[in-house]
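**Q** Pasting in a structure now, in structure tokens, and then I'll have a few things to ask.
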């Protein structure tokens, strides 16, 4: 066997001989998921909790983007948006986008992140359904 050639499924020493090469956390364990994947899961959990009370939310699409576009909507002049509603048009369903990096920047810990994601989703769903955030989630703002 040639040590320089990679062998599928085998661990080998790095090129300077200082240690084994390979993933630190095996696939399938929680630590293997990326920060972006964990954020997606947090958004999904927020949407599912709201959808139980407001089934009409299921007709909208939800997504995550890393950062908002550099050309914000004319009504967005208060700084960096955390989320945005794109109304339904031309046969396309309404879309709610949560911007990962601005939300992560404002959160102080994982629990705060989950609360902030929930608030952003509630605000956007409120816009979508022409309701107040307190109607969508009576605990809005209490977290």
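The values are calculated or read from the model by the stated rules, or taken from the named source; none is laboratory data. On a predicted model such as this, the values are computed, not experimentally measured, just so you know. Every residue, glycine among them, receives a Cβ derived from its backbone with ideal geometry; neighbour counts consider all protein chains shown.
**Q** Look at residue 97 and say whether it is buried (at least 19 other Cβ atoms within 10 Å of the Cβ), under 16 Å from residue 49 (Cα atoms) and modelled with pLDDT of 95 or more.
**A** no
**Q** Shifting gears a bit: I need a count of the residues in the range 103-143 that are in contact with a helix residue (DSSP H, G or I) (Cβ under 8 Å, 6 or more places away or on another chain) and under 19 Å from residue 68 (Cα atoms).
**A** 15
**Q** Continuing with the same structure: Looking at residue 86 and the list (1) over 14 Å from residue 50 (Cα atoms); (2) touching a residue at least 12 places away in the same chain (Cβ under 8 Å); (3) surrounded by 14 or more Cβ atoms within 10 Å (Cβ to Cβ), which single condition is not satisfied?
**A** The single condition residue 86 does not satisfy is (2).
**Q** Can you name the residue in the range 68-92 that is in contact with a helix residue (DSSP H, G or I) (Cβ under 6 Å, 6 or more places away or on another chain) and assigned to a loop (DSSP other than H, G, I, E, B) and is also modelled with the highest pLDDT among such residues? Give the derivation first.
**A** Going through the range 68-92, the residues in contact with a helix residue (DSSP H, G or I) (Cβ under 6 Å, 6 or more places away or on another chain) turn out to be 80, 82-83, 85.
Still in the list and also assigned to a loop (DSSP other than H, G, I, E, B): 80, 82.
On the way: 80: 83, 82: 94.
This residue is 82.
**Q** Next question. Is it the case that some residue within the range 124-132 is under 22 Å from residue 37 (Cβ atoms), modelled with pLDDT of 95 or more and surrounded by 12 or more Cβ atoms within 10 Å (Cβ to Cβ)?
**A** Looking for residues that are under 22 Å from residue 37 (Cβ atoms), modelled with pLDDT of 95 or more and surrounded by 12 or more Cβ atoms within 10 Å (Cβ to Cβ), one finds at least one in the range 124-132, hence yes.
**Q** For the range 39-70, give me each residue that is surrounded by 15 or more Cβ atoms within 10 Å (Cβ to Cβ) and in contact (Cβ under 8 Å) with a residue 40 or more places away in the chain.
**A** 39, 42, 43, 46, 47, 50, 54, 57, 60, 62
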